[in-house]
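Below: the structure, in structure tokens.
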Amino acid sequence: MRETTSDSTSAARVAAAIGALTLRATRAGLYGRLTSGVEGVDATTYPVLSGLARVGPVTATKLAEAIGMDRTVATRYATRLQEAGLIARRPDPADARATELALTAEGERAVTALRGAMESLLAEEMTTWTPGEAAAFAGRLEQLTEWLVQGHDPSGSP
């Protein structure tokens, strides 16, 4: 058996932490902290703006799938972001019947501000860590995230 009790305990702790991070209340609280002072974005519209920044210009349907939100809700939040001048709607080059969402220059600036706020928030906590601890955590988190993104199943098979 390749898993030791300590590996199992660590895995359980990581699983519990990921579970806590993905709770709606945790995300909403984090988004609220990040969006404070960023004009046109709030805790509800943050996932749409952030998701659009990560996946690039896409239809509302594809964006909703990418961020795990109902299409009608994503469309409603996109409209609020459009009214704030942070995103634009334009014809989808792949399908003339569809509309593509894209960040505006102001939206790009908002995303930069939000990412800066996230880095500052994390840096505040990480000041209590040694540089080695911070670097090791960042590396392992990147590794875990990449592994999860690659679609590995819990049994270890790709």
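The values are calculated or read from the model by the stated rules, or taken from the named source; none is laboratory data. All values reported here derive from a predicted model rather than from experimental measurement. Glycine gets a Cβ as well: all are built from the backbone with ideal geometry, and neighbour counts include every protein chain shown. When the accessible area is computed, the model is the full protein with side chains, heavy atoms only, and any ligands, DNA or RNA have been set aside. Shrake-Rupley method; radii C 1.70, N 1.55, O 1.52, S 1.80 Å.
Looking only at residues in the range 2-26 that are among the basic types (Lys, Arg) and part of a helix (DSSP H, G or I), which one is modelled with the lowest pLDDT?
Step by step, filter the range 2-26, then rank; the result is Arg24.
Identify, by number, the condition in (1) out of contact with any Pro (no Cβ under 8 Å at 6 or more places or on another chain); (2) assigned to a loop (DSSP other than H, G, I, E, B) that Gly32 doesn't meet.
Only one criterion is unmet by Gly32, namely (2).
Of the numbered conditions (1) open to solvent by 60 Å² or more (accessible area, probe 1.4 Å); (2) in contact (Cβ under 8 Å) with a residue 24 or more places away in the chain; (3) part of a loop (DSSP other than H, G, I, E, B), Trp129 satisfies every one except a single condition; which is it?
Of the numbered conditions (1) open to solvent by 60 Å² or more (accessible area, probe 1.4 Å); (2) in contact (Cβ under 8 Å) with a residue 24 or more places away in the chain; (3) part of a loop (DSSP other than H, G, I, E, B), the odd one out for Trp129 is (2).
In the range 76-100, which residues are among the polar types (S, T, N, Q) and at pLDDT 95 or above?
Matches in the range 76-100: Thr79, Gln82.
Is it true that Ala113 is without any contact (Cβ under 8 Å) to a residue 60 or more places away in the chain and either in a helix (DSSP H, G or I) or open to solvent by less than 50 Å² (accessible area, probe 1.4 Å) (or both)?
So Ala113 does not fit the description; no.
Any idea which of (1) out of contact with any Lys or Arg (no Cβ under 9 Å at 6 or more places or on another chain); (2) closer than 25 Å to Val149 by Cα; (3) surrounded by 14 or more Cβ atoms within 10 Å (Cβ to Cβ) is the one Ala88 doesn't satisfy?
(2)
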